1. Using the structure shown, select from Lys177/Lys223; Lys126/Lys157; Lys43/Lys126; Lys43/Lys246 the pairs with a Cα to Cα distance greater than 28 angstrom.
2. Under 5 Å between amide H atoms, partner at least 5 residues away or on a different chain: which partners does Gly58 have, H built in plane at 1.01 Å?
3. Could you tell me the extents of segment 103-155's C-alpha atoms along the three principal axes, largest first, rounded to whole Å?
4. If you project the alpha carbons of segment 22-209 onto their three principal axes, what span does each projection cover, largest first, in Å?
5. Over all directions, the average projected area of the alpha-carbon convex hull for segment 106-226 comes to how many nm²?
6. If the chain between Ala46 and Lys223 were fully stretched, how many nm would it gain, using 0.36 nm times the residue separation less the Cα-Cα distance?
7. Pop a pseudo-label 7 angstrom from the Cα along the beta-carbon direction at both Met259 and Ser87 and give the gap in nm to one decimal.
8. Could you state the number of Å between the C-alpha centres of segment 90-138 and segment 191-249?
Amino acid sequence: MRRLCIGSLAAAGLLLAGGMALDYANQRDATAIPAARSVPIAKLQAARQSSSDLEVGGELAGLPPGVTRYITREDLLTLPQATYTVSDDSNFTGPTKISGVPLEDLARSLGAAPQAAMVVAICDDKYRANYPREYVAAHHPLLVLAVNGQPPSSWPKDSEGHGYDMGPYMISHPIFKPSFKIFSHADEPQVPWGVVRIEFRNENTVFGAILPRARHAATPLVKAGYRIAQQNCFRCHNMGREGGQKSGTPWLVLSAWAMASPEYFGA
């Protein structure tokens, strides 16, 4: 599910107004490839050849920062694959078999600094899902290439009943158990569909765009709001070049709303 752009407004409002382990190994399919292989630069295309090509950017191995390249679905299928049957993904109406590339393996294969890279998934409607290293280590998200053994053209439509295609790519998990809770906000599964671009970014650079800097920045409440905003509000509300743009409401406008009408952000 990726369409909801509002959540945990109470704690997020504190940020905006105040400061501007899972048993994963046992769940991997027995046929999963154990080690990531780097993708040769020659396999990354400078231009899109097909609508199924995945756009990649950020900091790519062997290329200058900021360069955009494309990788074919066929080449993605040569990377380490894993297969799971998921039953707790809100994008599906029942137990569903998914196959694809674990994001940690994708980062090792394509990222310039895989141990430091945060994976950012960008959708066709400008929604963004961020996958910090801590999240990846806890939940092992998967770039989905097949659903019930089928390519995107045969995937089910979105679960909200709008009839949207969920391809060309989506992200899911083998199973999701929240790893933290702040106030009423529990760690949320980041399961976007309609993914068209993957970036490998420096986590501090991305989240630094909304880092609290005002006099209340060091207070526990603002720090809590910052943690929630990283996972929730930032998916749809951008601060400059960082963050999602699905809502059409940038971060500074959201901040102004929080200052002018704090009751709107109340619990």
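Read-outs throughout are calculated quantities, based only on the coordinates presented, and are distinct from any laboratory measurement. Remember, predicted model here, so these are calculated numbers, not experimental data. A quick note on method: Cβ atoms are made from the backbone with ideal geometry, for glycine too, and the neighbour counts reach across all protein chains shown.
1. On the way: Lys177/Lys223 23 Å; Lys126/Lys157 19 Å; Lys43/Lys126 26 Å; Lys43/Lys246 31 Å.
Result: Lys43/Lys246 exceed 28 Å.
2. For Gly58, whose amide H was placed from the backbone, the distant partners under 5 Å are Gly66, Val67, Phe200.
3. Projected onto the principal axes, the Cα atoms of segment 103-155 cover 35, 25, 21 Å.
4. If we take the Cα atoms of segment 22-209, the spans are 41, 39, 35 Å.
5. On the way: hull surface 36.8 nm².
Its Cα hull, projected and averaged over all orientations, spans 9.2 nm².
6. Numbers: separation 177, 0.36 × 177 = 63.72 nm, distance 4.07 nm.
Full-extension gain reported as 59.6 nm.
7. Roughly 5.0 nm, to one decimal.
8. After rounding, the separation between the Cα centres reads 16 Å.
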